[in-house]
1. Return yes when Ile65 is at pLDDT 80 or above and surrounded by 13 or more Cβ atoms within 10 Å (Cβ to Cβ) and no when it is not.
2. Can you pull out the helices (runs of 4 or more DSSP H) entirely within region 1-96 that have at least 1 residues that are over 25 Å from Arg135 (Cα atoms) and in contact with a Leu (Cβ under 8 Å, 6 or more places away or on another chain)?
3. For region 21-67, how many residues are over 21 Å from Gly92 (Cβ atoms) and touching a residue at least 60 places away in the same chain (Cβ under 8 Å)?
4. Of the conditions (1) surrounded by 11 or more Cβ atoms within 10 Å (Cβ to Cβ); (2) closer than 23 Å to Ile27 by Cβ; (3) modelled with pLDDT of 80 or more, Ile154 satisfies every one except a single condition; which number is it?
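The values are calculated or read from the model by the stated rules, or taken from the named source; none is laboratory data. What you are looking at is a predicted structure, and each value in this text was computed from that prediction instead of being measured. All Cβ positions, glycine included, derive from the backbone under ideal geometry; neighbour counts span all protein chains shown.
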Amino acid sequence: MIHGMQFVIIRSLVLALVAVAQIYIFIQIRQVIKSSRRSNLFKSGAICLVGTTIGLLSALNGYIIVRPIHWIDPPLAAQILFFDLPAIWIFGSIFSALFLFLIQLGSKLKKMIIRFYGAQLSSQTALIPFNHSRRHFIQVAIGSITAALDTFRIWCSLCQQRL
């Protein structure tokens with residue numbers, strides 16, 4: 001009984017971590033889209049598309065977790081749609097959110113250091129204005145690509161172990 005309770009607690013913590021990571025990624029993507037120079041119609045459509053995609057992938061993963069499917073040998077299309085795609089999204093979102101958070105934390109620390117020592121440096125050089133929206137978009141993209149590649153590598157190694 002106690003062992004089962006620990007599994008439920010661990011599963012709940014993992015699901016909470018996944019939810020927080022996906023909300024964090026959605027907020028960051030939303031900020032990047034809102035800061036773009038596109039039309040308001042495009043911005044609202046893109047935000048709705050991102051939110052719908054994240055919601056569908058999360059709902060599919062939640063369905064698989066709550067109601068496990070006991071297929072002995074599922075078809076390849078069903079296996080990719082119901083198991084692999086949500087798993088890659090879940091692990092990718094956790095690692096992307098962590099990577100993005102660490103990058104933002106490093107950026108804030110750098111700004112604090114510059115602000116602390118900036119009085120001495122500002123008299124020597126002038127700072128060039130920087131477009132932060134592009135940098136933010138690139139950070140999100142690199143974090144997503146890195147997490148996807150890591151997840152794909154893990155998935156490939158698991159597939160090789162099955163054979």
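1. no
2. 40-66
3. Here the count works out to 2.
4. (2)
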